[in-house]
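No lab work stands behind these numbers, since they all come straight from the coordinates. Here the structure is a predicted model, which means the values were calculated and not measured. Please note: Cβ atoms are built from the backbone with ideal geometry, for glycine as well, and neighbour counts cover all protein chains shown.
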Amino acid sequence: MKVSLTDQLAELRGIESNYIDAWGKPMEVASQSKHRILEAMGYDLQDETGLQQQLAQESQQVWLEPLDPVMVKRQDEKVVIALRLPIELVNDEMILRLDTEQGDASEQRFIPSDGELIDATHIEDGEFQEYLVDVNLSTDLGYHQLRLLADDNDEIASMRLIIAPQACYKPDAIQRGEKIWGLSVQLYCLRTEKNWGIGDFSDLCYLLDKASDQGAQFIGLNPIHALYPANPESCSPYGPSSRRWLNFIYLDVTAIEGFDHPEIQQWFNSAEVQGRLSHLRSVDYVDYQGVTALKLEALNLLFGHYHQQYLNGNTRQHRAFQEFVEAGGDSLQTLACYDALQEHLKHQGKEHWGWPVFPKALQEYPLPAVKKFAKANNERITFYLFLQWQAAMQLEQAHQVAQDKKMCIGIYRDLAVGVSEGSAEIWGNRALYATDASVGAPPDILGPLGQDWGLPPMDPRQLFRQQYQPVIDLFRSNMQSCGALRIDHVMALLRLWWVPKGNTAKQGSYVYYPVDDLLGILALESQRNQVLVIGEDLGTVPEEIRQTLATNGVYSYRVFFFEQAKDGGFYSPSHYPEQSMATLTTHDMPTLTGYWHCLDLELGKQLDLYPSDEILQELYDTRHQNKQRILDTLHGHGSVPDWMGRYVQDVGMSKELNHGLQLHMATGSSALLSLQLEDWLEMEKPVNVPGTSSEYPNWQRKLTQTLESVFSSEALQGLARGLTERRQQAAEGE
């Protein structure tokens, strides 16, 4: 059967035609979905002649580039490059020069035609041949430049050569077989007696200090990526503006040098400000508008004095600030300029939610009008640079607390799978993103209708052409000031579910990425920063990729409620892989109380998340059966008291059942155990309901108690002791 040009192109660009869904059924991708994805990649499928010309130009461009932009190899792996040259040059002697990251240089003379001929073609510029050439130059780990020189040393081409380790970093304690536990929190949810209505970096310091005293070895955070100061209602940590930088809202303003200035203290102690603070602390959901407005007022005052006192002269503070700005490079300048521009448009009363609604002359960072704006608004941009500097320092202070307490991991950060459509990250690098598509998921157990997350995907070909620098920057920046990094939807390293604009979440397809290259870069950055990597591998996951991740030292993510055998029983945590992090619930799931009392199903019905009453009833029936199996498991392992009922219809959620579930997990074989602070507090409401946006106040629900009261609770101190004891017993039992 003849394969159409578009089907050939879809295969060439890594668009999947078939896949296995979450229920193990083979699924075929509709032609319309593949066509729409190709259009999002920049192909005009309505004009076949034009399409053929475009493909010919792309092919010609490849032949005109003697070397690929980048190559990733593992340590001790043989380096063989593909070299494309005009036929009249293939018998000339040439030089390969390797300039290493460490500053060393070495050379190799060769004749291209001595290599293995693998391809040849004729294009407008003449005859070309492609050879495989062995590179016989020794390399250490790192990012190097391989240059192709003519015999007279003129440079013909160059490529980035990345030499990566075999696997990601593991802390010594984990390698020795220790088993640890920690708490996962949404940082904004934290209540304390001193914060301004949202958790902040000082709260994180307090949490690390107190949790470590109870035996915890880490605190897991939601993504703390930069959001939108001028649009505070866009509060999802998984839809950021930039994943390289931090959300200024987590600043503890009172901890910034200069907060004790008399003018700032007068403002802070005024009845009006204290009244606003009292309100922001008391409400059960984070008031992002109110918190952002109050913090920006304070920060504007503070920055005015700080700038005048420190940033106008040769001070220690000014030198440190300049070093931070220089190290941040274009990425940091892009974000600061974007924040200032968005704020400017807001003050003018113009649409400002993101670059797609900016005036045309301002829709990309490199445009002349943007440079003009930046020059005219230099001080305001400096203000936003200052906020990033202060945030980085406060996060590092929290990391230092963990180190001082000798926590095995300390902070573990979370890397979101993408940025939102109106983000600074896309504004600064439009070519990298397919903005006519978004990332999501096909129908699965968590989302029967599929999911569309509204996050434009990176184009794999553009990522390759940019020498993988965007992902290098992402991994490196998110491994700062922490001991572990959780990669949300780690399957993105292999494939992403693209949903073209205008299609439903079901009408998408998987697009493949260079997984071996990306895992190599991840391993290199992990080893350099000494950060353990956890991959959130839930949903529709091919089994072979789990093995690939494991081989690369990435820790699996095992959720108790998803670890079911074919007969419906729940696997004992003692059967989980050692190279994994176990947990009971996640931010996308109900709390333990919510799960046990089916509050999530009740809420889903209210929010119209289920296609039919029949499907909802099936979910209720399945939940009842699962709860019975869980109760059987807990009794079978002695994880709950004998007096507790053995039939689920007689057993409601209680402190004993709640603690029993957590202690049951602590006996498991996973190296890491993460428990939600919400479940320590026996909370009912979820922090996020997948598949909703404005229907539910996602990412806003606070904890029901202050941290001070959490760590003064004798019951929770007892739970912590039990967790530590069982983790030690699990390690000794192996």
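Annotation: the residues D404, D200, D209, D252, sorted from fewest to most other C-beta atoms within 10 Å of their own C-beta, follow the order D404, D209, D252, D200. All C-alpha to C-alpha distances of the stretch 74-224, sorted into 5 Å bins beginning at zero, yield P(r) values of 2, 8, 12, 12, 10, 7, 6, 6, 6, 7, 7, 7, 6, 3, 1, 0 percent in whole numbers.
The calculated FRET efficiency for the pair E618 and Q54, based on their C-beta separation and a Förster distance of 41 Å, comes to about 0.30. Once divided by 2.2 N^0.38 Å, the Cα radius of gyration of the stretch 559-644 becomes 1.21. According to the Kirkwood relation over distinct C-alpha pairs, the hydrodynamic radius of the stretch 505-637 is 17.6 Å. Tell me, what is the Rg over Rh of the stretch 577-731, with Rh the Kirkwood radius over Cα pairs? Ratio of gyration radius to Kirkwood radius: 0.98.
Annotation: average projected area of the stretch 1-59 is 4.8 square nanometres, based on the convex hull of Cα atoms across all directions.
Per-residue packing, averaged as other Cβ atoms within 10 Å, sorts the ranges 225-233, 564-572 into the order 225-233, 564-572, beginning with the highest. Distance between the C-alpha centres of the stretch 417-479 and the stretch 334-386: 22 Å, rounded to the whole angstrom. Label-to-label distance for Q628 and Q467 is 6.3 nm, based on points extended 7 Å past Cα in the beta-carbon direction. Note on H637/D213: beta-carbon distance plugged into 1/(1 + (r/R0)^6) with R0 of 35 Å gives a FRET efficiency of 0.75.
Net charge dipole, the stretch 5-61: roughly 160 debye, given to the nearest 20, about the Cα centre with Cβ charges of +1 for Lys and Arg and -1 for Asp and Glu.
Here the residues Y696, Y510, ranked from fewest to most Cβ neighbours within 10 Å of their Cβ, fall in the order Y696, Y510.
For the set K501/K702; K506/K566; K179/K406; K295/K375; K25/K506; K194/K702, the pairs lying more than 22 angstrom apart at their alpha carbons are K501/K702; K506/K566; K295/K375.
Annotation for E602 and A255: the two label points, set 7 Å from Cα along the Cα-Cβ direction, are 3.8 nm apart. Only helical runs count toward this figure. For the chain, summing -39,500 (n - 2.57) over DSSP H runs of n ≥ 4 and dividing by all residues gives -12000 deg cm²/dmol at 222 nm.
If the segment from Q309 to E193 were pulled out straight at 0.36 nm per residue, it would be longer than the present Cα-Cα gap by 38.7 nm. Could you tell me which label, among (1) 1.01; (2) 1.07; (3) 1.77, carries the value of Cα Rg over 2.2 N^0.38 Å calculated for this structure? Answer label, from the structure shown: (1).
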